[in-house]
Amino acid sequence: MGLTLTEKILRAHLVDGEPVKGQEIGIRIDQTLTQDATGTMAYLEFEAMGVPRVRTERSVAYIDHNTLQNGFENADDHRFIGSVAKKHGIHFSRPGNGICHQVHLERYGIPGKTLIGSDSHTPTGGGIGMIAIGAGGLDVAVAMGGGAYYITYPQVVKVNLTGKLSPWVAAKDVILEVLRRLSVKGGVGKVIEYCGEGVKTLSVPERATITNMGAELGATTSIFPSDEITKQFLEAQGRGEVWSEQSADADAVYDEVVDINLSELVPLAACPHSPDNVKSCEEIGKLKIDQVCIGSCTNSSLLDMMKVAHILKGKTVHPDVSLSIAPGSKQVLNMMADMGLLSIMIAAGARILESACGPCIGMGQSPNSGGISLRTFNRNFLGRSGTKDGQIYLVSPELAAISAVTGYLTDPREIGEMPEFVLPEKFTVNDNMIALPASEEEAADVEILRGPNIKPYPETAPLEASIEAPVSLKVEDNITTDHIMPAGAKILPLRSNIPAISQHCFTVCDEAFPTRAKELGKSIIVGGSNYGQGSSREHAALAPLYLGIKAVLVKSFARIHRANLVNAGILPLTFVNEADYDAISQGDVLELADIRAKVEAGETQFNVINKTTGKEIPVLCELTGRTKDIMLAGGLLDYTRENLK
Ligand code: MIC
Ligand code: SF4
């Protein structure tokens, strides 16, 4: 029986477990990446492990999220990360060099290799045939130390692409269509593998848009084969030597097949406040808009910018609209300047931002109250833009650019004829904003530069014998990590300071939560399905840990967040019967009797007692050998200290 591409790469990297679907496996990690918002914590954790030099083939630290620097905190973090990188053998992509995923694709990604990154959009690397997975910072720290990365051996979904995109229909519309069909939880436990004749019609940047936003499906990752088109892209980057062909066997067997005829797709938009709330332009109608933002790791490639410039040429941004453009990397921005694209955009009235995440993570450009903003980004969760009642629509760069001119959501097919956009044969390569690490001999003399806002990892403790604690918060389905640990320009500077950032934990849902939880000393959170979807930020586990959360009981978890809870030593529990969600109210006291003994004995199902109502509620506590030991130890840091040496 033939293998899928996913299985081939996973099996070639298997170091622990059996390649059996649904079972936990450990894989060897060839490359890691971090960004600054998750990086400080990841490097503090790496330091705590006491490994002198990274043991991966390549590790890169990017600065791209916290670039507003409204205060000393972010600049201190950047210096800290730069010094850690220098000391421990990590390449350092300086602020201004671009968004981690875009730069990694351009300069570092290698087909057939494994990559984990402390950012949920790491699957962008799947655009060149890597197994690239988003993870918590602690998992990345362990991988840098040479430890395996653990995932559930996934089911593989084949997305069979046929046909060819019509003019002005974009790669963004492909992933929006997949999201429309599968939903934000449709990918949990799965890898999405793109196959079929249609693959050949898509360039690498287009493929990367699709794998990037596959994160919104909750998928472990997404992957395209590595073919002649990948080879051309890598050659144009001056990296042709790293290319290899990567593809599934012709007789590979998939768990699910989704057929998409590219020729039939139309321009789409994800409406507020979920990436799977997808509608066509026709369904949405003539929507007046206030803002357009083009950029983010989903849509900031040179190809995207070429299209946007073509649409803006000779035009003026509509008087009621603010248009901002953040190119994905220094390479993209440089080439835009050389090719004359930048001056077209400036002339049209676009506000050019630096090559960074920017508005995507609420670092500036928050829309006006109730403002309608079209963004080429990947997430439109409530409040993420920094404006609580902002209405964010996720669209392609083509749709965004034409709408910025007309002032309302416009079907880009109205533009008329589309020229052929051809990527240059050679990209301008200038890695001068990547600082290389010190040699092994010099490393000892490198001083780590720590700012006053950088506080240590919160205190952990081994799992208690029994837990009896009140429910400090009860929340609905589809809670995102942006609810649990909001980001944005005000809160992101606190990423290195868990006591301070925890004051903002869950404030999107309940302003009083942090104070209440802290006063209770220890408590439990109850939630609905797909709890913790979205970002990889381990702060969504570390802040609850600091606030005394002992367990989270929900209908179902998103993958990375569940792993982050385990890593933080917080028990992840799920209802056996989802209806029991209604049997618990906020304030009820729950008892997990003899929990340590149960976990130790490998009991995966037992009853939680609601002491307030007397009801016994069956729950699942699915911890395997390794995750069981992590939980008993009080989290991955404690566990690793014991096991990695
Ligand atoms: C995001 O897009 O939500 C982020 C900001 O890139 C996060 C990481 C973080 O919170 O620092 C992610 O996607 O993992
Ligand atoms: Fe940055 Fe936005 Fe991409 Fe996250 S999704 S890495 S914030 S550009």
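We did not get these values from a lab; they are worked out from the coordinates using the rules stated. Owing to the predicted nature of the structure, the values given are computational and were not obtained by experimental measurement. Glycine gets a Cβ as well: all are built from the backbone with ideal geometry, and neighbour counts include every protein chain shown.
Tally the DSSP beta bridges in the stretch 527-622 and give the antiparallel ones as a percent, rounded to 5. Around 65 percent of the beta bridges assigned by DSSP in the stretch 527-622 are antiparallel ones. Give me the net charge for the shell around Ala543: Cβ to Cβ below 12 angstrom, other residues only, Lys and Arg +1, Asp and Glu -1. Computed value for this residue: +2.
On full extension, the segment bounded by Ala601 and Glu282 gains 109.1 nm, given 0.36 nm per residue less the C-alpha separation.
In this label model, Asp477 and Glu197 are separated by 3.8 nm, measuring between points 7 Å along each Cα→Cβ vector.
For Arg55 and Glu414, the difference between the fully extended length at 0.36 nm per residue and the C-alpha to C-alpha distance is 124.0 nm. Mean sequence separation of contacting Cα pairs (under 8 Å, at least six apart), scaled by the length of the chain, corresponds to a relative contact order of 15 percent. Antiparallel DSSP bridges in the stretch 286-423: what percent, to the nearest 5? In the stretch 286-423, DSSP labels about 5 percent of beta bridges as antiparallel. In the chain, helices alone account for a calculated mean residue ellipticity at 222 nm of -8500 deg cm²/dmol, with every DSSP H run of four or more residues adding -39,500 (n - 2.57).
Taking 0.36 nm per residue of sequence separation and removing the Cα-Cα distance, the Glu228/Glu622 pair yields an extension gain of 137.5 nm.
The label-point distance for Thr428 and Asn643, in a model that sets each label 7 Å from Cα toward Cβ, rounds to 4.8 nm.
Taking each of Lys455/Lys555; Lys307/Lys426; Lys190/Lys426; Lys555/Lys615; Lys8/Lys330; Lys86/Lys455 in turn, the alpha-carbon distance tops 25 angstrom for Lys455/Lys555; Lys190/Lys426; Lys8/Lys330.
Annotation for Glu264 and Ser166: the two label points, set 7 Å from Cα along the Cα-Cβ direction, are 1.3 nm apart.
Annotation for the stretch 438-516 versus the stretch 242-317: alpha-carbon center distance of 33 Å.
Rounded is the label for the stretch 474-572, because the ratio a/c of its alpha-carbon gyration tensor axes (a ≥ b ≥ c) stays below 1.5. Straight Cα distances below 16 angstrom link Lys522 to the lysines Lys474, Lys550, Lys611, with same-chain residues fewer than 8 positions distant left out.
For Ser343 and Thr612, the FRET efficiency from 1/(1 + (r/R0)^6), where r spans their Cβ atoms and R0 equals 51 Å, is about 0.15.
When the Cα positions of Val188, Met130, Pro167 are compared along the charge dipole of the stretch 97-207, Pro167 comes out farthest toward the positive end, with charges on each C-beta of Lys, Arg, Asp and Glu.
Our coupling estimate for the stretch 430-446, obtained by passing each phi through the Karplus curve with A = 6.51, B = -1.76, C = 1.60 and θ = phi - 60°, is 8, 8, 5, 9, 10, 8, 7, x, 5, 5, 4, 5, 7, 4, 4, 8, 6 Hz, Gly and Pro reported as x. Listed by chain and number, the aspartates and glutamates whose alpha-carbon sits under 12 Å from that of Lys158, ignoring those within fewer than 8 places in the same chain, are Glu193, Asp255, Glu256, Asp259. Percent of C-alpha pairs per 5 Å bin in the stretch 283-387, short distances first: 2, 13, 24, 24, 20, 12, 4, 1. So how far, in whole Å, is the C-alpha centre of the stretch 41-62 from the one of the stretch 127-158? Each part's Cα centre sits 16 Å from the other's.
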